[in-house]
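Written out below as structure tokens is the structure these notes cover.
The values are calculated or read from the model by the stated rules, or taken from the named source; none is laboratory data. In this text, all values refer to a predicted model and were calculated from it rather than measured experimentally. A quick note on method: Cβ atoms are made from the backbone with ideal geometry, for glycine too, and the neighbour counts reach across all protein chains shown.
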């Protein structure tokens, strides 16, 4: 599994810049567990293999939950970062997801 | 809502089968229903199979009318939403106050209600086992329950739970 965690925007400013490179966006700001993971899961269902989803959250639990979602569903967690109480994740569906 | 049943199975287990969560929901209170339903919605999101055995007062969670009227008990609940001495919990109306506060918190947090979580469970293929013994003891009829439940005894639930990766009593 080709997992690559990008910690900072600055470090990813090269060829594989992570900013906004996603096929779908999901705004989960203001939602609490389990809704960010539930909505992300439904959004992932609609992706084709190889496509990526970008999720924006404000539930601090999402920092633990999204890596777990990726592991359980066999997704690649391309990036996970937090800034000013906002968490941003990018997940890529590689296989059936 | 779109069909979560379309979720691909997770080949996370060595045998290739999806992971399975088996839960017993035994409490007919709002604060008893939420943990079970939230865990079910989460497991569905992960692509797991889920089954919940609703037994004794937990049967109210899948009761057509009662699931909308679940309450937060004020008595014997030191952590109830109203910060008052436990003894005050016996006063008439305190359960209604505690329930109202919990529902207000949930709404303010944009949390779903019990009926919406039941919808997610059914769309996600969660098996809702209605305990037939409870139904017999308490005089609950099949038509009193929400759509899509399986009336079953403990044997059928244990048969499902025997292959579970996670088993919880709520």
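Can you tell me which residue is surrounded by the fewest Cβ atoms within 10 Å (Cβ to Cβ) among those in the stretch B:93-112 that are more than 11 Å from chain A (Cβ to nearest Cβ) and touching a residue at least 24 places away in the same chain (Cβ under 8 Å)? Per the stated criteria, the residue is B:96. The residues on offer are A:91, A:78, and the sole one that is away from chain B (no Cβ under 14 Å), under 12 Å from the mean Cα position of the chain (by Cα), assigned to a strand (DSSP E or B) and crowded, with 21+ Cβ neighbours inside 10 Å is A:78.
Selection of first residues in the stretch B:115-126 that are over 16 Å from residue B:30 (Cβ atoms) and within 10 Å of another protein chain (Cβ to nearest Cβ) and of second residues that are at pLDDT 95 or above and outside any helix (DSSP H, G or I), restricted to Cβ pairs under 8 Å at least 6 apart or on distinct chains, gives the following pairs, ordered by first then second residue: B:120/B:112; B:124/B:50.
Do we have residue A:45 as at pLDDT below 95, more than 25 Å from residue B:107 (Cβ to Cβ), within 13 Å of chain B (Cβ to nearest Cβ) and over 11 Å from the mean Cα position of the chain (by Cα) here? Can you show your working first?
Working: at pLDDT below 95: no; more than 25 Å from residue B:107 (Cβ to Cβ): yes; within 13 Å of chain B (Cβ to nearest Cβ): yes; over 11 Å from the mean Cα position of the chain (by Cα): yes.
Judged against the criteria, residue A:45 is not a match.
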